[in-house]
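See structure below.
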Amino acid sequence: QVQLEESGGGLVQAGDSLRLSCAASVRTFSDLAMAWFRRAPGTEHDEFVAVSRWGSGRTSYGDFVKGRFTISRDNAKNTVYLQMNSLQPGDTAVYYCAADRSRSPDYSPTYYHTPGRYDFWGRGTQVTVSS
């Protein structure tokens, strides 16, 4: 089992920054693909935000990010981060950390962008951006 715990959410104003953290309880963190998803209020859709793949840590982002967010990981601390800059009210959502330990290759460019790929999820952290 992999347990994930997010932190760092909060209420900010448009244009502000936040850094989310997700700590994993696992022996070999580098074997995990770690991703962030978000769910906006009133929706049931988990939107892909970013992923750091296992091994190389290669990253990719959702189309809406447009250079505002950066995912990074510290394998020594079993932690993945999401630095979010230039936040807008449309970024208001619960942000979830997710982990996949299959060590699968990228069968497609969006292979790791699908929520169903991930077996382990945190409880989420609320990010609210006021205008």
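The values are calculated or read from the model by the stated rules, or taken from the named source; none is laboratory data. Note that this is a predicted model, so its numbers are computed, not measured. We place every Cβ from the backbone using ideal geometry, glycine too, and count neighbours over all the protein chains shown. Keep in mind that these areas ignore ligands, DNA and RNA; they rest on the heavy atoms of the full protein, side chains included. Shrake-Rupley method; radii C 1.70, N 1.55, O 1.52, S 1.80 Å.
Once the 1.4 Å probe is applied to the protein heavy atoms, segment 37-131 comes out at 51 Å² accessible per residue.
Name the residues whose placed amide hydrogens come within less than 5 Å of the amide hydrogen of ASP16, ignoring near sequence neighbours (fewer than 5 apart) on the same chain. The list, which skips near neighbours in sequence, is LEU87.
At q = 0.12, 0.13, 0.14, 0.15 Å⁻¹ the log10 of I(q)/I(0) for segment 1-121 amounts to -0.39, -0.46, -0.54, -0.62, computed by Debye summation with a single uniform scatterer per C-alpha, solvent ignored.
For the chain, the relative contact order comes to 36 percent (Cα pairs under 8 Å, sequence separation of at least 6). With R₀ set to 22 Å, the beta-carbon distance separating SER102 from PHE64 gives a calculated FRET efficiency near 0.25. Modelled label positions at GLN88 and ASP16, each set 7 Å beyond Cα in the direction of Cβ, lie 1.9 nm from each other. Once the Cβ-Cβ distance of SER130 and THR43 is raised to the sixth power relative to R0 = 22 Å, the FRET efficiency obtained is 0.70. Determine the percent antiparallel among the DSSP beta bridges restricted to the chain, to the nearest 5. In the chain, approximately 90 percent of DSSP beta bridges are antiparallel ones. The value obtained for segment 23-75, namely the Cα convex hull volume divided by the number of residues, is 98 Å³ per residue. Here the chain exposes an accessible surface that is 45 percent carbon and sulfur, computed with a 1.4 Å probe and the other protein chains kept in place.
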